[in-house]
Every structure is written in C-alpha cells, then in structure tokens.
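Reading through the structure tokens given below for one structure.
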Amino acid sequence: MGEELLTAAVLAGSAAIAYAGAAARVVRQYEQGVVLRFGRLRSRVRGPGLTFIVPFVDRMRKVSLQIVTMPVPAQDGITRDNVTVRVDAVIYFKVVDPVDAVIRVEDYRFAVSQIAQTSLRSIIGKSDLDDLLSNREKLNEGLELMIDNPAVEWGVTIDRVEIKDVSLPETMKRSMARQAEADRERRARLINADAELQASKKLSEAAREMADTPSALQLRLLQTVMAVAAEKNSTLVLPIPVELLRFLERSAEAAESRTAESQAAESRAEGRRGAGSGDDTRREDTGDGTERTRSDDGRSGEGRSGEERGRLAAGERPELGPAPQRAAAAPPYGETRRPEPVRRPAPTAPLRDDDAGTAGCL
C-alpha cells in the first residue's frame, strides 16, 4: 500500500513538473506576448518575465518592441526629367501595438518591406534628378509619410527613412562632371575679375600717391631690384619707369625746338647783315649809259649797262649765257662730259695783185 502511494506521488510530481514546463513561458524585457486561446485573443498582453499558459490550449506569440533596421533593395526608376537612376534606402521602424501587429497583418516585416519599395519607386518618379542629389531631406520626409500611413494600422510606426545612394549612368556622370567643371570655371573667372578690379583700384591709389612724391617711385624700383636679386639669378631684370621715358621724350622735343629757334634766329641775323651791307653799296652813273657800284670800303664795281643789270637780276651771267641754257648744258649727275673742241677758222692765203684785181673785177 505504501509503495503504491509512493509511486502515485512520484507520478503526480512528474506530471506537475511536466505541466509546469509546458505551461511556463519567459518574455524578455524588449518583448510582449500575445496569447491566443483556442484561436481567440486573450485581452491581457503578457509582459516581460515568467508567465504561464494552458498547455495545448493557449498559444503565445512574442513581438519585439525594438527599433528594426531594414534595408530597402535598390529600385530602378525614371525621374520626372527622364533620367534613369537606381536608388536604395534604409528604413527604421518599431512596433507600438503588438496586438495589431499580430492580428491585422500576417507578417508585418514583409509588409513594411514591400510598402517601402513601392513608395521608393513612386517618389523617384515624382522627383527630379537634382532633388535626388541635393534635396534628400525633403524626399526622406515624403517617403516616410508615404510608408507611415498604411503602417499605422498594423501597429507599426516609422521612425526614420533615409535614401542611401543614387546610381547614375556613366554618360550622365560625365555630363554632370562637365557641367560642374564649367560652373566652377565661371566662378573662378568671376573671382579673378573681382580681384583684378580691386587690385586696379589699389594700384590707381598708389599711382596717385607716387605722383605726389616722385621719390616713392624710385624707392619702389629699388625694392623690385632687391627682390629680383634675392633669387640669386644670373640675369637681372631692371624695369624702366614709363615716367623716365616720357621725361626723355620731352627733353628731346625741347632740344629740337631750341635748335629750330636758334637756326631761325641765325637766319634772321644773316638777313639783317645782308640788308645792312646792301645799304652801304652806292651806285654811280658814268654818263654814257653805264653804272658803277662803289662800297664804303673803296671797292668799285665794273660799269654795266641797264641791259646787263637786268640779266644779272634774272640770274644770268653774260659770259655764260642764260641760266636755263646753262642748266640744260650741264651733264647729268654721275656722268662726265668731254669738252667740245674749239673750232678755229682755217688760215687764208694772202691775196696777190692779180687775184686782187680779179676779185675786184668780180
């Protein structure tokens, strides 16, 4: 009898242990348990810790409340400006209502993944390429709103959505690179032009200051020479100021003007002297139609008639003939003309008495 009681007690203990093992469940801190009894939802959600259910009657599903990081596969699409791109993203979400996550959707992870891919393709078609590259914050907000609307009914809230990468065709990359290079070159030219403008203003101010103090230009020239000589070059470049060249030019012009004035003064003085000497010459009439010139120094000229004085006034010499004939008779430049032989008359024989008589008769 005692043995039978002991055996029954052992069997009852073993059954209790087996029942407890089958009924006991452990829910972790970041999880919650949803219990279904004969397929019907129990109103109480099991919290973290040790909990018991009825074996073979209740079924419990554990739902994690942690934030889930889910990558969205890359999606091919065409932007609004007809550019083919490939975009991938990442989504962060968590379960806020375990009952809805179990009851309303079969697999909330798969559902969130599919809605994320669909929303990503939709946002690609509504956006331009520039927005995908530079205005991602706005696209992220729009993508989050598109995914969060249906996910709220599943007991899931979207924490954050980020577009990871935008892949472009190689031709589009080269075109964008050329565009960026051209834009940077334009900005570089504008910056250089602005720098030249500012430098020209400063240089004009410095030029005005140096114009007031000419010694400053000489000091600047010496500084330039020292800067060039400090490089230990064999060739020394010495710039010549423009003001020095202008000074030399003005000096040359002044010297030419002075020379011209002195020559004019000398010519006027010679004219006055010639006029004075002409006044000292006196002409005397000899009474036979000729004149005699006499100067103050006692020298008298040869008497000439009025016709000869007219020829002299016209530039002719009596013994050489008129001036135009002399010019025509002169040989060309570089040629020598032989003097013409003087033709003398042939000697005549003396007349005899009979010849003279005959000549007289004839």
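The values are calculated or read from the model by the stated rules, or taken from the named source; none is laboratory data. A quick note: this is a predicted structure, and the numbers were derived from the prediction, not measured. Cβ placement follows ideal geometry from the backbone for every residue including glycine, while neighbour counts extend to all protein chains displayed. Remember, those area values only see protein heavy atoms, side chains included, never the ligands or the DNA or RNA. Shrake-Rupley method; radii C 1.70, N 1.55, O 1.52, S 1.80 Å.
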Computed curve, segment 9-61, Cα-only Debye sum without solvent term, log₁₀ I(q)/I(0) at 0.20, 0.30 Å⁻¹, is -0.70, -1.13
Everything considered on the Cα gyration tensor (a ≥ b ≥ c; rounded for a/c under 1.5, else prolate if a/b is larger than b/c, else oblate), segment 26-90 must be described as prolate
Under the rule rounded for a/c under 1.5, else prolate if a/b exceeds b/c, else oblate, using alpha carbon gyration tensor axes a ≥ b ≥ c, segment 153-219 is classed as prolate
In the structure shown, of LYS62/LYS164; LYS201/LYS232; LYS94/LYS138; LYS62/LYS126; LYS126/LYS164, the pairs separated by more than 29 angstrom at the C-alpha atoms are LYS62/LYS164; LYS201/LYS232; LYS62/LYS126
Note: segment 16-168, point scatterers on Cα, Debye, no solvent; log10 I/I(0) at q = 0.09 Å⁻¹ equals -0.40
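Ignoring ligands, DNA and RNA, what percent of the 1.4 Å accessible area of segment 1-59 is carbon and sulfur? If you can, show how the numbers build up before the last one.
Values: 2760 of 4380 Å².
Summing carbon and sulfur atoms, their accessible area is 63 percent of the total for segment 1-59.
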Toy charge model, Lys and Arg Cβ at +1, Asp and Glu Cβ at -1: segment 102-221 dipole around Cα centroid in debye, rounded to 20, equals 540
The local net charge around ASP76, scoring Lys/Arg +1 and Asp/Glu -1 for residues other than ASP76 whose Cβ lies under 14 Å from its Cβ, equals 0
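Return the Rg/Rh ratio of segment 91-197 with Cα-based radii and a Kirkwood Rh.
Details: Rg = 21.1 Å, Rh = 16.8 Å.
My calculation of the ratio gives 1.26.
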Expressed per residue, the solvent accessible area of segment 1-49 in Å² (1.4 Å probe) is about 74
Rounded to whole Å², per residue accessible area for segment 61-131 with a 1.4 Å probe reads 51
